Amino acid sequence: MRARQTGLSLIGLLFGGIVLIFSALLLMKLAPSYIEYFNAKKAIHGVAKEGQDASIADLRKSFDARATIDDISSIGAADIEISKDRGLLVISFAYRKEIKLFSNVSVCIDFAATTAEQ
């Protein structure tokens, strides 16, 4: 009795390659936006730690300096909200980023972060 051959067909290989290429494209397009979001989140936490007694103008200047160093371009000092909650400094932001993938296909992501303990 002959043994049945098993393996990957050409169509299976092509389909797997297309899925792999699409996944890599998605990752390469989305990764910079997520890196920028995490840098912005790190910046507001740093500003909140250092500036408990600082004025709002000083906090915004500090965020601008950190944004320049970390290459944060999606939000600026005017976009962050600064308030006090139970005596603690709370800094937050929210923004929407649209990333074009190809042709007329794009991804829209809502980013938001706050320094408030939850």
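Miscellaneous remarks
- Residues in segment 102-112 carry Karplus couplings, in order, of 6, 6, 10, 9, 9, 10, 10, 10, 9, 10, 8 Hz; the curve used is 6.51 cos²θ - 1.76 cosθ + 1.60 with θ = phi - 60°, and Gly or Pro positions show x.
- Within a straight-line Cα-Cα reach of under 29 Å, Lys29 can be paired with the following lysines, leaving aside sequence neighbours fewer than 8 residues apart in one chain: Lys41, Lys42, Lys97, Lys100.
- Karplus 3J(HN,Hα) series, Hz, for segment 15-22 with 6.51 cos²θ - 1.76 cosθ + 1.60 (x for Gly, Pro): 4, x, x, 5, 4, 5, 5, 5
- Computed with a 1.4 Å probe over protein heavy atoms only, the accessible surface of segment 57-118 comes to 65 Å² per residue.
- The phi-based Karplus calculation (6.51 cos²θ - 1.76 cosθ + 1.60; θ = phi - 60°) puts the 3J(HN,Hα) values of segment 77-89 at 4, 6, 8, 8, 9, 10, 8, 10, 10, 6, x, 9, 6 Hz, whole numbers, x for Gly and Pro.
- Charge dipole of the chain (Cα centre as origin; +1 on each Lys and Arg Cβ, -1 on each Asp and Glu Cβ, all else neutral): 720 debye, rounded to the nearest 20.
- Interchain or long-range residues, amide H under 5 Å from Leu101's placed H: Ser106, Val107
- Between the helical axis of 56-69 and the longest alpha-carbon principal axis of the chain there is an angle of about 30 degrees.
- Label point at Lys61 placed 7 Å out along Cα→Cβ; residues across segment 70-94 whose backbone nitrogen lies under 17 Å: 77-78
- Debye-sum result for segment 59-118 in log10 I(q)/I(0), which assumes one identical scatterer on each alpha carbon, at q = 0.12, 0.16, 0.30 Å⁻¹: -0.40, -0.63, -1.23
- Each Lys and Arg contributes +1 and each Asp and Glu -1, all at the Cβ; summed about the Cα centre of segment 51-118, the dipole is approximately 120 debye.
- Ranked by how many other beta carbons lie within 10 Å on average, peptides 11-23, 103-115 from highest: 103-115, 11-23
- The H on the amide N of Ala116, modeled in the peptide plane, is under 5 Å from the matching H of Ile91, each at least 5 residues off or on a different chain.
- Selection from Ile11, Phe102, Ala31 lying farthest towards where the dipole of the chain points positive, charges on Cβ: Ile11
The values are calculated or read from the model by the stated rules, or taken from the named source; none is laboratory data. Keep in mind it's a predicted model, so treat the numbers as computed, not measured. Reconstructed Cβ throughout: ideal geometry from the backbone, glycine too, with neighbour counts over all protein chains shown. Ligands, DNA and RNA are excluded from the accessible area calculation, which covers all protein heavy atoms including side chains. Shrake-Rupley method; radii C 1.70, N 1.55, O 1.52, S 1.80 Å.
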